[in-house]
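Participant: This is the structure I want to talk about, given as structure tokens.
What follows draws every value from the coordinates through simple rules; no lab data is involved. Remember, predicted model here, so these are calculated numbers, not experimental data. Reconstructed Cβ throughout: ideal geometry from the backbone, glycine too, with neighbour counts over all protein chains shown.
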Amino acid sequence: MNYVRRGTGKPLLLIHGIGSSHRSWDLVIDGLAAERDVIAVDLPGFGDTPPLTGELSIRTLADAVTEFLTENDLTGIDAVGSSMGARLVLELARRGGVLGAVVSLDPGGFWQGWEIPFFYHSVRLSALLVNSLQPALPVLTGSPIGRTLLFAQFSAAPWKIPAPVALQELRTFTPTPTFTELLDNLAHGETQQGAPAGSIQQPLVIGWGRQDLVCLPSQSKRALSLFPDAHLHWFSTCGHFPQLDVPEEATQLILDVTSGTYQPQTEQAVAPRPKQFSNALIGVGAVITIVGLFVIFRPNER
């Protein structure tokens, strides 16, 4: 498993989401490495790590990460995950004995009903669209307007994402065989099992962006019902990736939780969804669907 390692101190594991790599942590890794020995991995089939043979699922990815930690004498390491990686660290925390303190940022896997096809088709069509635009990505990501259009579903302030970071993220967000199989498994495969109250002894915090249009904020209730030992931390002005939208706040949360100094927020409930949020959700879904269908079904150029 490919990884980068920076800093000194207590080890800290970073696990990225689907269609990404260790580079998804570029905006926070230096801040974390100032106090911790940071290990950011490429999951199998992403970045520079070869894919797994056989089944691809949260279960087999969790097995692969466990094997990596065991081989490198890192069992019990504190860990942070984003999106699919956030679900992965929850699964490892549930198993017990693998991780220490855990921060799970906008975890997938807690959708129900209409949220499932919305997640699956919007992310799938986004990946197809990005794949078709690869030659134009340097120009598109170099413009605030381009970044806003390309990251509309994933960021609350996409125009603020640095152009090199945006380009790097989209370079890997393509429908590879690993991406496609894992996306299907996330949406339609195994459901996430929980951990009974009192079974997780290490600190566990689930962070959620209030403007997340991938894993909707209402899904946090289901996550907490399955992981009652967790605390919920809201990122007020943030989409699906706190490490991109609010890197300083995300860095501080991670350091506080993994050092044992985190003070839980008093507000744990999901706030009423603003009308603007619902309109944005509908608008993003419509744009992705229309553009994605155009990309898929457009006539072949002669």
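Yes/no per residue for (1) outside any loop (DSSP other than H, G, I, E, B); (2) not basic (Lys, Arg):
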residue: Arg5; (1), (2): yes, no
residue: Ser20; (1), (2): no, yes
residue: Gly31; (1), (2): yes, yes
residue: Pro44; (1), (2): no, yes
residue: Glu55; (1), (2): no, yes
residue: Ala64; (1), (2): yes, yes
residue: Asp73; (1), (2): no, yes
residue: Val80; (1), (2): yes, yes
residue: Ala86; (1), (2): yes, yes
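Participant: Out of the stretch 118-145, which residues are without any contact (Cβ under 8 Å) to a residue 60 or more places away in the chain and in a helix (DSSP H, G or I)?
Facilitator: Going residue by residue through the stretch 118-145, those that are without any contact (Cβ under 8 Å) to a residue 60 or more places away in the chain are 130-131, 133-145.
Hits for the stretch 118-145 are Val130, Asn131, Gln134, Pro135, Ala136, Leu137, Pro138, Val139, Leu140, Thr141, Pro144, Ile145.
Participant: Can you go through Arg87, Arg5, Arg59 and tell me which one is touching a residue at least 12 places away in the same chain (Cβ under 8 Å), surrounded by fewer than 17 Cβ atoms within 10 Å (Cβ to Cβ) and closer than 28 Å to Asn131 by Cβ?
Facilitator: On the way: Arg87 fails: surrounded by fewer than 17 Cβ atoms within 10 Å (Cβ to Cβ); Arg5 fails: closer than 28 Å to Asn131 by Cβ.
Result: Arg59 is the single residue among Arg87, Arg5, Arg59 that is touching a residue at least 12 places away in the same chain (Cβ under 8 Å), surrounded by fewer than 17 Cβ atoms within 10 Å (Cβ to Cβ) and closer than 28 Å to Asn131 by Cβ.
Participant: Would the stretch 127-142 turn up any residue that is surrounded by 15 or more Cβ atoms within 10 Å (Cβ to Cβ), under 18 Å from the mean Cα position of the chain (by Cα) and not hydrophobic (A, V, I, L, M, F, W, C)? Please lay out each step first, then the result.
Facilitator: Residues of the stretch 127-142 surrounded by 15 or more Cβ atoms within 10 Å (Cβ to Cβ): 127-133, 137, 140-141.
Then drop every residue that is not under 18 Å from the mean Cα position of the chain (by Cα), which leaves 127, 130.
Filter once more, so that each one left must be not hydrophobic (A, V, I, L, M, F, W, C): none.
Checked the stretch 127-142: no residue is surrounded by 15 or more Cβ atoms within 10 Å (Cβ to Cβ), under 18 Å from the mean Cα position of the chain (by Cα) and not hydrophobic (A, V, I, L, M, F, W, C).
Participant: Follow-up question, since we're still on this one. For Asp106, which of the numbered conditions (1) more than 20 Å from Pro242 (Cα to Cα); (2) in contact with an Asp or Glu (Cβ under 6 Å, 6 or more places away or on another chain) fails to hold?
Facilitator: Failing condition for Asp106: (1).
Participant: Between residues in the stretch 18-42 that are touching a residue at least 40 places away in the same chain (Cβ under 8 Å) and residues that are charged (D, E, K, R) and surrounded by fewer than 19 Cβ atoms within 10 Å (Cβ to Cβ), which pairs lie under 6 Å by C-beta distance while being six or more apart or on different chains?
Facilitator: As it stands, the answer is Arg36/Lys10; Asp42/Asp48, since those pairs meet every condition given.
Participant: Condition first: more than 16 Å from the chain's Cα centre (by Cα) and in a helix (DSSP H, G or I). Now tell me which residues in the stretch 159-170 satisfy that.
Facilitator: Across the stretch 159-170, the qualifying residues are Trp159, Lys160, Ala163, Pro164, Leu167.
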